[in-house]
Amino acid sequence: MKANLDSAAHARSHSFQGGGPGADRGLAAKIPGTVRYSLHQVQLLHALSKRSEHSGNFEIYNEAFLHEDIPGSRFKYQIFITDAARASVCVACHDCEDHCPQKIPISDWMPKVHALLGAA
């Protein structure tokens with residue numbers, strides 16, 4: 001697990017070269033304040049999304065970047081994620097992080113997810 005986190009922390013933007021899913025097509029440059037993620041980082045977040053009670057938040061967040069469709073992802077966030085399950089309700093208790101097999105700091109990510117998807 002530590003190796004995965006270390007690898008994600010040191011992964012380079014553009015580490016996936018090619019035109020398929022996950023390729024960096026300049027979305028981060030188009031939207032101020034966004035961050036580029038390597039394919040490995042996205043894969044780790046995707047793995048987390050399948051195991052967490054917050055899975056919908058991370059799944060939709062990942063889709064926003066993979067499909068370069070933030071407006072569509074914001075729509076999905078509003079429609080498919082209940083108020084009680086939204087990233088904005090995270091109180092940063094860190095309990096969920098004990099269950100994360102990749103030891104991703106979920107409590108740190110939830111405000112980022114809400115800042116992107118919860119924006120009006």
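Among the residues of segment 84-120, those identified as without any contact (Cβ under 8 Å) to a residue 12 or more places away in the chain and farther than 27 Å from residue 68 by Cβ are 84, 89, 91, 95, 97, 98. Here residue 117 clears all of (1) hydrophobic (A, V, I, L, M, F, W, C); (2) touching a Cys at 6+ places or on another chain (Cβ under 7 Å); (3) at pLDDT 60 or above except the condition numbered (2).
Of the residues making up segment 59-92, those that are surrounded by fewer than 19 Cβ atoms within 10 Å (Cβ to Cβ), at pLDDT 90 or above and of a type in the set (S, T, N, Q) number 2. Scoring residue 37 on the criteria (1) at pLDDT below 65; (2) among the hydroxyl-bearing types (Ser, Thr, Tyr); (3) touching a Lys or Arg at 6+ places or on another chain (Cβ under 8 Å) leaves a single failure, condition (3).
Picking from residues in segment 46-58 that are modelled with pLDDT of 60 or more and buried (at least 21 other Cβ atoms within 10 Å of the Cβ), the one that is farthest from residue 104 (Cα to Cα) is 57.
The values are calculated or read from the model by the stated rules, or taken from the named source; none is laboratory data. Since we're looking at a predicted model, the values are computed, not measured. Neighbour counts are summed over all protein chains in view; Cβ atoms, including those assigned to glycine, are modelled from backbone coordinates with ideal geometry.
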